[in-house]
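Asker: Here you go, one structure.
No value in this document is a laboratory result; all are computed from the given coordinates. No experiment lies behind these values; they were computed from the predicted model shown. As a convention, Cβ positions derive from the backbone with ideal geometry for all residues, glycine included, and neighbour counts pool all protein chains shown.
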Amino acid sequence: MTYKNIIYIIVISFTLILSVLVPWPMFAPWLIVLASLMIGVIFISFVKEEDDRTFLTKLFIAALLLRIMAAFVLHIISLSSASHPPSWREHPGFFIDDGWGYSDNGWLDIVPRLQRGLSVDIDLLKPLSISGTLHMYDYMNGWVYLFTGFSPLTMFFLNCFIGALTAIFIYFISISLFGRQVSRIAAMLCAFWPSIFLWSTQNLKEPLTIFATVLCFWAIIGFLKKFNPLYLLVILLSLLFLMKFRTLIAKFIVIAIFLHLSFLAYRLIKRVPVLLLIIIPVCVLIFMQIDEKLIELVNPFEKKLMLNDIMEEIRLSRYYRLEAGGRLDFMPNYEISSVGSLLAYLPLGLAAVLFGPFPWQLFSVSQVMAVPETVVWYIMFFIFLRGLFFAAKTNLKYLFSMFVFIILTLLGMAVIEANIGTMFRHRAVIFVFFLIFMAVGINRDKRFKVLLKADEK
């Protein structure tokens, strides 16, 4: 019997003993940690190159365990105490306030109905919602708690696993386009970039949104590099999930894919003009048979909206974010009521999305924690731009849809995100891709090359 087998036997035996002695809601989170480690290591074992396997295994274990430790420590320090901020006293155990609503909706509203076999239709449950709204993520909290019992750590640890796994797929995207050195830098940045790290230790929607988006673009790039129907299945499943989870993100991706296909078709027609005689009739036939649901999916808005309706949608979106904004509201008195006011606001909104939260906005513990990251981002911004331009120059045929998605998301957030706090968090869905381009820029920068070579020695 090998040394590793003995360790496995000890771990399994210890786990079985604990499952008997410890109450299930207390034991379930730690079982999730063990299962996450096993699933991640087994998944990485299918990677062909031994060097890649070794690096990814170490990175995944470090990223996961550090997240678990952070989630546990933040949970402990945010438990109720007279000296703590009001949000911690009202919702003990949740370091970032938003997570308690999903948790309580899942445990208090959804789980009891699931246990009794009653309907959990959104129309029935939304009036009972503690947070005033109901999302697919509330239902996910409910289904998890149904099997594990109530412990916020369960959802924290699941998100820790999703966050660590995201860094692995960032590695896969990067190595397929830019080589091993860039992929290692990008994966480490994704694994330990402070804000992305923090969101994945909390009960928030961001980790799953980011993972599904990264998974979708990994499959898009993989399919373009090598035909495999499995990639198409991953793209479809990712989009179906995002349509339920973050509808606007899914629609932006669909638009990006459509424009990417148009871009590839243009390149092909440019080389072989006679193909135009085949492509145009095929496109006409497709649009004649296209289903209304697919048209709705491509349309960023749910209905066919006139210009005034679009302005009203933007106004309402900004209003809802301002309602929850507090001291992080961004230009709360600015009215977007026309195309002119929208265009005048866009540069300011884009600056806020790219560079917020600003160092002088220190109104909570989490915002204070964001300052070092923000300063580093400012310093690294031009290196990021250098990497972005190089990536566009060398791999545009693979990255076109990613660029379109980033542009659409930036513009959308610039217009509707009227709160720097939520803007900072929601930005993470594109910032993970920024980290790839930052890694490209780092790899091409002479100063960093000297450091990287010295580190290799």
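Asker: In the stretch 171-250, which trypsin sites (Lys or Arg not before Pro) are in a loop and have at most 15 other Cβ atoms within 10 Å, using DSSP for the loop call? Please report the intermediate quantities before stating the final value.
Answerer: Values: sites: 180, 184, 205, 225, 226, 244, 246; in loops: 205, 226, 246.
Those satisfying the criteria are 226.
Asker: Given a Förster radius of 25 Å and the C-beta distance between residue 128 and residue 247 as r, what FRET efficiency does 1/(1 + (r/R0)^6) yield to the nearest 0.05?
Answerer: Taking R0 as 25 Å, the efficiency between residue 128 and residue 247 is 0.65.
Asker: Further, regarding this structure: Would you calculate the separation in nanometres between label points at residue 230 and residue 69, each defined as 7 Å from the Cα along the Cα-to-beta-carbon direction?
Answerer: Those two pseudo-labels are separated by 3.4 nm.
Asker: What FRET efficiency do you get for residue 79 and residue 444 if R0 is 41 Å and r is their Cβ-Cβ distance, rounded to the nearest 0.05? Show your work: numbers first, answer last.
Answerer: Working: r = 47 Å, r/R0 = 1.14.
So, using R0 = 41 Å, E works out to roughly 0.30.
Asker: Starting from the Cα-Cα distance between residue 358 and residue 39, subtract it from 0.36 nm times their residue separation and give me the gain in nm to one decimal.
Answerer: Numbers: separation 319, 0.36 × 319 = 114.84 nm, distance 3.88 nm.
Gain in length upon complete extension: 111.0 nm.
Asker: Related question: Take the residue pairs 225/397; 251/393; 397/446; 225/251 and return only those whose Cα atoms are more than 19 Å apart. Mind showing how you got there, number by number?
Answerer: On the way: 225/397 10 Å; 251/393 26 Å; 397/446 27 Å; 225/251 24 Å.
Violating the 19 Å Cα-Cα cut-off are 251/393; 397/446; 225/251.
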